[in-house]
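Comments concern the structure below.
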Amino acid sequence: MDVLISLMWSMSFLVCIGVVIFSLCIRHWLSGYDHELRTGSTFDYVQRRQLRFGALNTWNVPTIIPILQLSMIGAIFLFLGGWSLKLFQYHTVPASLVSATSGLLLLIYTVMTILPLFFPTCPY
């Protein structure tokens with residue numbers, strides 16, 4: 001059981017570090033997107049903007065961002081699951097409270113993720 005808990009916590013930590021590294025890269029790419037974009041004539045601006053926009057799409061930046069968000073959510077739930085398992089080794093009452101709260105958070109997140117599929121005007 002301790003190995004499973006350590007694995008869950010370690011994977012949670014590594015995923016968080018990976019998300020931070022990739023988020024910093026994307027932030028750098030997006031700040032470079034705007035760098036000196038509005039200089040020159042309107043025609044030059046449009047050409048540079050289209051070239052940079054096409055490059056972002058070619059490198060799948062719009063796809064990477066939601067993957068990073070889902071990875072961070074997965075890391076959070078890995079951590080909460082490991083925490084719950086660890087607490088069950090010590091006492092069932094706190095472990096039950098943490099597990100119930102984690103389950104409630106997972107349920108709320110799932111509902112908020114699914115709602116826009118059924119209600120297009122849902123702001124979540």
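The values are calculated or read from the model by the stated rules, or taken from the named source; none is laboratory data. All values derive from a computational prediction rather than experimental measurement. We work out accessible area using only protein heavy atoms, side chains counted, and drop any ligands, DNA or RNA first. Shrake-Rupley method; radii C 1.70, N 1.55, O 1.52, S 1.80 Å.
General observations
- Rounded to the nearest 10 Å², the accessible area of M8 at probe 1.4 Å: 30
- Accessible carbon and sulfur surface of the stretch 5-124 relative to its total accessible area, %, 1.4 Å: 74
- When its C-alpha radius of gyration is set against 2.2 N^0.38 Å (N residues), the chain gives a value of 1.53.
- Inter-part distance where the stretch 86-124 and the stretch 27-70 are each reduced to a Cα centre, Å: 36
- Rounded to the nearest 500, the 222 nm mean residue ellipticity of the chain from helices alone is -31000 deg cm²/dmol, with -39,500 (n - 2.57) taken per DSSP H run of at least 4 residues.
- Overall form of the stretch 8-57: prolate. Here a/c, set by the Cα gyration tensor axes a ≥ b ≥ c, is 1.5 or more, and a/b is the larger of a/b and b/c.
- Backbone phi angles across the stretch 22-36, fed through the Karplus curve with coefficients 6.51, -1.76 and 1.60 (θ = phi - 60°), yield HN-Hα couplings of 5, 5, 5, 4, 5, 4, 5, 4, 5, 6, x, 4, 8, 4, 6 Hz in residue order; Gly and Pro are listed as x.
- Residues in the chain average 74 Å² of solvent-accessible surface per residue, probe 1.4 Å, ligands and nucleic acids excluded.
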